[in-house]
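The values are calculated or read from the model by the stated rules, or taken from the named source; none is laboratory data. In this text, all values refer to a predicted model and were calculated from it rather than measured experimentally. Positions of Cβ are generated from backbone atoms using ideal geometry, with glycine treated the same way; all protein chains shown enter the neighbour counts.
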């Protein structure tokens, strides 16, 4: 099961609320989705789909992970790391 730190959850909430060019209505059901493409991870805004692993923080959906990706990174922890460019999500593989 994928876990998320409080710092990472807060960063995801901030990213969602600052979605450029979108109104609250346009963001209403969208959640950030963890994606893997070109050898790296990223996030995009998407709607929940059947079979998604939904990560919550304080009762709020903060991250969607499709079943295949969740199976590929079981026991991973998503955290937050401060960098000169600002906070960044990091994924640590489980043991």
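Here is how the numbers come out for the structure above:
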{"item": "Qualifying residue in segment 67-74 (condition: modelled with pLDDT of 90 or more, assigned to a strand (DSSP E or B), in contact with a strand residue (DSSP E or B) (Cβ under 6 Å, 6 or more places away or on another chain) and surrounded by 11 or more Cβ atoms within 10 Å (Cβ to Cβ))", "result": "no"}
{"item": "Residues of segment 43-66 satisfying the condition of being under 17 Å from residue 7 (Cα atoms) and loosely packed, with under 13 Cβ neighbours inside 10 Å", "result": "56, 58, 59, 60"}
{"item": "Members of segment 75-95 found to be surrounded by 17 or more Cβ atoms within 10 Å (Cβ to Cβ) and farther than 21 Å from residue 19 by Cα, listed by number", "result": "76"}
{"item": "Filtered residues of segment 75-95 (kept if free of Cβ contacts under 8 Å to residues at least 60 places away in the same chain, touching a strand residue (DSSP E or B) at 6+ places or on another chain (Cβ under 6 Å) and within 10 Å of residue 2 (Cβ to Cβ))", "result": "91"}
